[in-house]
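Participant: Here it is, the structure, as structure tokens.
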Amino acid sequence: MLEIKNLHVQLEEEDKKILKGVDLVVEPGKVHAIMGPNGSGKSTLSYVLSGRDGYEVTDGTATLDGEDLLEMEPEERAAAGLFLAFQYPVEIPGVGNMTFLRTAVNAQRKARGQEEMSSTEFLKVIREKAKELKIDAEMLKRPVNVGFSGGEKKRNEILQMAMLEPRMCILDETDSGLDVDAMKLVSDGVNALRDAGRGFLVITHYQRLLNHIKPDVVHIMSDGRIVKTGGPELALEVEENGYADILGEVA
Ligand code: ADP
Ligand code: MG
Ligand code: MG
């Protein structure tokens with residue numbers, strides 16, 4: 001479903017190559033993890049897939065269900081079923097969380113040629129999902145992310161993911177790192193949304209997140225390429241021996 005072939009990416013501003021031929025296929029129902037040392041291009045991959053400015057694709061393709069992602073605007077990618085966690089961490093004063101989510105859900109439905117959700121139906125769905133995720137009804141009414149704690153923001157992101165029902169979720173747990181509680185929130189949320197038709201790409205520098213989200217496939221990225229692919233045991237190998245051993249072996 002998500003298919004990346006020979007993806008080459010460089011910065012728009014300067015002549016710096018970051019991705020140097022990434023090949024990756026994530027099948028429906030599977031959780032793929034990408035691990036790798038800092039600076040190997042993991043975040044760049046997620047940014048390029050989400051359509052962030054500043055990157056130029058110089059070769060290769062990326063498709064979701066056969067549709068060319070790279071040709072789409074970011075909102076079209078979302079409509080096609082791509083969700084990048086932490087793509088809405090921004091605070092939006094004056095816009096209620098519920099209003100924001102309803103707008104996002106209906107924009108996506110419209111782009112998919114589906115009817116808008118009535119406010120009654122929307123309320124019912126969001127209350128159910130919020131309850132499942134142990135989100136306080138109070139949080140739904142507050143302005144988006146304004147004054148939310150780190151944990152509340154995480155919860156809210158998982159709620160966004162649950163409401164948008166994406167085909168393919170990409171989670172980039174970047175350098176900020178997650179504390180134990182936030183990690184549990186994210187992994188419980190992801191595990192609750194695992195489904196035969198949905199794929200996940202979990203990007204992480206550390207193995208610990210993968211103790212909670214059991215990946216089906218683990219990839220190691222180094223210097224803009226995926227250099228090794230294996231099962232969950234590969235993540236444990238990284239935990240035990242660090243990246244140097246694996247990268248030395250590959251070289
Ligand atoms: P990772 O997520 O694996 O740590 P990144 O994708 O963040 O790696 O970065 C890959 C490389 O590209 C790094 O050397 C980083 O410094 C560089 N890079 C990424 N984005 C930019 C940018 N906007 N400007 C300058 N360098 C960048
Ligand atoms: Mg980094
Ligand atoms: Mg990163």
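The values are calculated or read from the model by the stated rules, or taken from the named source; none is laboratory data. Small disclaimer: the values here were computed from a predicted structure and weren't measured. Here Cβ is always computed from backbone atoms with ideal geometry, including for glycine, and neighbour counts include all displayed protein chains.
Participant: Return the residues of region 26-78 that are within 16 Å of the chain's Cα centre (by Cα) and assigned to a loop (DSSP other than H, G, I, E, B); say none if nothing qualifies.
Facilitator: Glu27, Pro28, Gly29, Lys30, Gly41, Gly51, Arg52, listed by residue number.
Participant: Let me ask you something else. If you take the residues in region 108-125 that are under 30 Å from Ser43 (Cα atoms) and surrounded by 15 or more Cβ atoms within 10 Å (Cβ to Cβ), which one is modelled with the highest pLDDT?
Facilitator: The extreme case among them is Arg109.
Participant: Within region 79-87, can one find any residue that is away from ligand 3 (no atom under 16 Å from the Cβ), closer than 26 Å to Gly147 by Cα and touching a residue at least 12 places away in the same chain (Cβ under 8 Å)?
Facilitator: yes
Participant: From Asp23, Asp15, grab the single residue that is of a type in the set (Asp, Glu), more than 11 Å from ligand 1 (Cβ to nearest atom) and either touching an Asp or Glu at 6+ places or on another chain (Cβ under 7 Å) or assigned to a strand (DSSP E or B) (or both).
Facilitator: None of the other options fit; the residue is Asp23.
Participant: Now for a different question. Being of a type outside the set (Gly, Ala, Ser), within 16 Å of ligand 3 (Cβ to nearest atom) and touching an Asp or Glu at 6+ places or on another chain (Cβ under 7 Å) narrows it down to one of Tyr55, Tyr47, so name that one.
Facilitator: Just a single option satisfies the conditions, and that option is Tyr55.
Participant: Determine the pairs where a residue that is over 27 Å from Pro166 (Cα atoms) and in contact (Cβ under 8 Å) with a residue 24 or more places away in the chain, located within region 1-18, has a partner that is more than 10 Å from ligand 1 (Cβ to nearest atom) and part of a strand (DSSP E or B) with Cβ atoms under 6 Å apart, the partner being 6 or more residues away or on another chain.
Facilitator: Gln10/Glu56; Gln10/Thr58; Glu12/Glu56
Participant: How about region 145-188: which of its residues are in contact with a strand residue (DSSP E or B) (Cβ under 6 Å, 6 or more places away or on another chain) and within 16 Å of ligand 1 (Cβ to nearest atom)?
Facilitator: Passing the criteria: Ile170, Leu171, Asp172, Glu173.
Participant: Follow-up question, since we're still on this one. For residues that are touching a helix residue (DSSP H, G or I) at 6+ places or on another chain (Cβ under 7 Å) and buried (at least 22 other Cβ atoms within 10 Å of the Cβ), scanning just region 63-81, find the one that is farthest from Lys5 (Cα to Cα).
Facilitator: Arg77
Participant: Continuing with the same structure: What are the residues in region 1-12 that are assigned to a loop (DSSP other than H, G, I, E, B) and within 22 Å of Leu193 (Cα to Cα), if any?
Facilitator: The one that is assigned to a loop (DSSP other than H, G, I, E, B) and within 22 Å of Leu193 (Cα to Cα): Met1.
Participant: Within region 32-46, count every residue that is more than 6 Å from ligand 1 (Cβ to nearest atom) and surrounded by fewer than 23 Cβ atoms within 10 Å (Cβ to Cβ).
Facilitator: Number satisfying all stated conditions: 3.
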